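**Q** My structure is below; once you've seen it, I'll send some questions.
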Amino acid sequence: MQTNQSRASLPKDKPLGCYAQSLEELERIKAAGLRPKMLLHACCAPCLTRGLDLLSGVFCVTVFFYNPNLAPQDEYDKRLENVRVLVAAWNAEYGTDISLVLPEYVPQEFLSQTNGLEAEPENGARCSVCYALRLEETARYAKQNGFDCFSTTLTTGSRKPAAVINPIGAELGRRLGVPFFETDLKKADGYKKSLVLSEKYGLYRQHYCGCAFSSK
Ligand code: SF4
């Protein structure tokens, strides 16, 4: 594991591409000794384990915990606390310098966007809106704060389709002018690895996706 000492921008003539290209890109960035700044949206600590496992040795990662979908507040607090615990443990173990950005928790931002979609099944239209809401805020912050790219840990979840999430991120990246780094973190036994790492760090693993509708 490298430390986050040296930073460098991504070459502007080689934009980040699809998931398969992203894996090649990881190797290329490593080989070139670059250390691009990535804003990594984290949905929860268990999924973040896999994100850090794959990405923190290559990128200078800042974790962005923006999840207005979470309900009730106690659940938000519990997931946030576990993200804090994981980031601190990771920095201590690997000598990284990962920081955590916490936008204000405003559940109404999610509820107003998903109004009328309450009865949608998981992975239906409500979820696409939910992914886009969280990724758009991540992209906006990344652009405003000089990050080289942004990504998300959402694709770690066994029921979270990279084929839906990645195009949303890529389109937002194009629109807002900051590259989206596509992943499918559940691949290559990624989901299983997240379970092992969650156990190792003693992390809380939730039993529902996050919003009040998914808890029913
Ligand atoms: S089920 Fe999960 S992804 Fe879908 S709207 Fe609820 S919190 Fe968001």
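The values are calculated or read from the model by the stated rules, or taken from the named source; none is laboratory data. What you are looking at is a predicted structure, and each value in this text was computed from that prediction instead of being measured. All Cβ positions, even for glycine, are placed from backbone atoms using ideal geometry, and neighbour counts span all protein chains on display.
**Q** Looking at (1) aromatic (Phe, Trp, Tyr); (2) surrounded by 22 or more Cβ atoms within 10 Å (Cβ to Cβ); (3) more than 12 Å from the ligand (Cβ to nearest atom); (4) touching a residue at least 40 places away in the same chain (Cβ under 8 Å), find the lone condition where residue 94 falls short.
**A** (2)
**Q** Exactly one of these conditions fails for residue 22: (1) free of Cβ contacts under 8 Å to residues at least 60 places away in the same chain; (2) under 15 Å from residue 151 (Cβ atoms). Give me its number.
**A** Among (1) free of Cβ contacts under 8 Å to residues at least 60 places away in the same chain; (2) under 15 Å from residue 151 (Cβ atoms), residue 22 violates only (1).
**Q** Okay, moving on. Hey, among 183, 155, which residue is modelled with pLDDT under 95, buried (at least 20 other Cβ atoms within 10 Å of the Cβ) and of a type outside the set (Gly, Ala, Ser)?
**A** 183
**Q** Out of all the residues in region 69-79, which are surrounded by 15 or more Cβ atoms within 10 Å (Cβ to Cβ) and touching a helix residue (DSSP H, G or I) at 6+ places or on another chain (Cβ under 9 Å)?
**A** Answer for region 69-79, where residues must be surrounded by 15 or more Cβ atoms within 10 Å (Cβ to Cβ) and touching a helix residue (DSSP H, G or I) at 6+ places or on another chain (Cβ under 9 Å): 69, 70, 71, 76, 79.
**Q** Here's something else I'd like to know. Looking at region 158-167, which of its residues are within 12 Å of the ligand (Cβ to nearest atom) and either free of Cβ contacts under 8 Å to residues at least 24 places away in the same chain or crowded, with 20+ Cβ neighbours inside 10 Å (or both)?
**A** The initial filter retains those residues of region 158-167 that are within 12 Å of the ligand (Cβ to nearest atom), namely 159-161, 164-165.
Selection gives 160, 165.
**Q** From the list 118, 122, 104, which one is away from the ligand (no atom under 14 Å from the Cβ), more than 30 Å from residue 57 (Cβ to Cβ), part of a loop (DSSP other than H, G, I, E, B) and not small (Gly, Ala, Ser)?
**A** That would be 104, the only listed residue that is away from the ligand (no atom under 14 Å from the Cβ), more than 30 Å from residue 57 (Cβ to Cβ), part of a loop (DSSP other than H, G, I, E, B) and not small (Gly, Ala, Ser).
**Q** Is it fair to say residue 134 is within 11 Å of the ligand (Cβ to nearest atom), at pLDDT below 95 and of a type outside the set (A, V, I, L, M, F, W, C)?
**A** no
**Q** Is it true that residue 192 is surrounded by fewer than 23 Cβ atoms within 10 Å (Cβ to Cβ), assigned to a loop (DSSP other than H, G, I, E, B) and out of contact with any helix residue (DSSP H, G or I) (no Cβ under 7 Å at 6 or more places or on another chain)?
**A** The answer is no for residue 192.
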